[in-house]
1. If you go through segment A:29-74, how many residues are of a type outside the set (K, R), touching a residue at least 24 places away in the same chain (Cβ under 8 Å) and not in a helix (DSSP H, G or I)?
2. Looking at A:R156, A:R215, can you tell me which residue is charged (D, E, K, R), at pLDDT 75 or above and not in a loop (DSSP other than H, G, I, E, B)?
3. Go over the candidates A:L170, A:L162, A:L150 one by one and state the one that is more than 8 Å from every other protein chain (Cβ to nearest Cβ), at pLDDT 90 or above, closer than 20 Å to A:V114 by Cβ and in a helix (DSSP H, G or I).
4. Which of the residues belonging to segment B:91-128 are more than 20 Å from A:L247 (Cα to Cα) and more than 7 Å from chain A (Cβ to nearest Cβ)?
5. Right, A:L107: modelled with pLDDT of 90 or more and farther than 18 Å from B:F7 by Cβ or not?
Amino acid sequence: MVEPLQLQTAAWALTTALELSLFVQLLRRKLARIYPFFFAYLLSAILQSAGSAALYRDPNIDKLTFWKIAWGMQGLVVTIRALTLVELNRKVLSPYIGIWALGRRLLLGVAAVVIVYDLLLSKGQWQWLVMNGVRGLELAMAAVIVSMLLFARYYRIPVSPLQRALAVGLCLYSTFYVINYSLLEKVLRQYAVLWNFLGLFAFIASLLVWIGAVRRYTAVEEVRVPQTIPAELYGTISSEVNVRLILLNRQLMQLLHLENRGQ
Amino acid sequence: MSLPVIFLVLFAILLVVLLSWALRPPAREPRPALDVFEALRQSRHSSRMSHILQALEPDDTEFLRSSGHAALMQTIRRQRRAIALSYLQQLQDEFEMLLEISRLLAVMSPEVMAMEELERWKLSLRQTAPS
């Protein structure tokens with residue numbers, strides 16, 4: 001029977017192989033220039049894998065130094081992932097100036113609320129502050145991705161397949177991290193190796209989603225020129241539309257009420 | 001495990017559900033931009049509201065019962081209710097068309113008014129809630 005630790009080593013090897021494969025494909029498709037932060041994130045993840053392997057092989061390292069280096073690397077990778085997210089949001093929303101101005105404020109607000117809520121759970125202890133800070137950032141990223149996709153859906157803003165894949169991969173990994181860190185590792189500590197393996201599995205799934213999207217990527221995806229109208233025209237029509245919507249809403253409610261009464 | 005942490009986990013699960021919903025293709029294809037101004041000029045169904053309300057009033061057909069035509073009254077009421085339902089659908093379509101117009105305008109505008117957009121989000125949510 002395969003030991004969980006062997007399974008984890010195999011998953012680690014597979015993760016590194018997939019990371020390298022994605023790295024090469026990003027370079028070959030010239031996407032490293034279009035998504036520089038995503039490229040940097042992948043590079044940092046590869047370096048983190050190498051760094052972790054070196055840490056585990058060092059028998060002289062004490063526990064606290066190990067902890068500091070491991071969480072330092074994790075913090076760096078998460079920060080670059082957050083920058084990747086900013087890059088993704090910019091790519092999707094910034095061609096629409098008005099929407100981007102509104103969306104930026106909304107997404108920042110969502111992220112701030114989630115991070116502050118999570119940090120409040122640390123109760124002032126710095127170890128928890130770092131670990132909960134990373135969790136807060138992960139959850140904030142997932143919340144921002146979902147808000148951005150809902151925002152894009154509401155305004156019918158096209159999201160290219162690659163952007164969609166990046167968003168899905170980032171969101172799935174972040175949510176899994178939060179659930180894993182908050183629930184599984186604490187409640188079922190005896191299965192820590194298994195949960196670590198599942199964490200890697202979530203990342204492997206994200207890598208596969210990204211690799212698939214990068215393979216299917218065509219340069220046409222990025223070409224998009226939105227039409228523009230003067231802000232004054234928007235202001236005038238927008239107010240008129242709102243008045244009509246409110247009136248219609250009232251009439252609809254009135255009619256529905258009458259209809260319900262008649263039944 | 002504390003309640004705030006449970007909230008975090010539930011929020012993470014909710015995010016996954018919302019993610020899958022957000023990735024679904026929209027129920028309706030967006031109208032081309034050129035239709036926007038044309039659509040705004042179209043006649044409004046809402047202007048016929050008073051006639052529909054009048055037709056739905058029981059008093060409007062009550063005289064048929066008193067003159068011994070109860071069956072006819074029932075038929076007319078049924079027909080009028082069917083018309084009202086069709087009219088309701090037209091109002092709903094008009095509402096959705098206006099929302100579509102407002103979305104297109106916001107996308108095309110270099111400045112967006114947060115309060116007006118918020119008002120529309122609320123109205124949009126209110127309309128999708130019962131259906």
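1. 1
2. Selected residue: A:R215, the only one of A:R156, A:R215 that is charged (D, E, K, R), at pLDDT 75 or above and not in a loop (DSSP other than H, G, I, E, B).
3. After ruling out the rest, the residue left standing is A:L170.
4. The answer is B:L104, and nothing else.
5. Yes: the conditions hold for A:L107.
Table: residues versus (1) crowded, with 20+ Cβ neighbours inside 10 Å; (2) within 18 Å of the chain's Cα centre (by Cα).
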| residue | (1), (2) |
| --- | --- |
| B:I83 | no, yes |
| B:L91 | yes, yes |
| B:E96 | no, yes |
| B:S102 | yes, yes |
| B:M115 | no, no |
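The values are calculated or read from the model by the stated rules, or taken from the named source; none is laboratory data. Quick caveat: nothing in here was measured; it's all calculated off a predicted structure. Note that each Cβ is placed from the backbone with ideal geometry, even for glycine, and that neighbours are counted across all protein chains shown.
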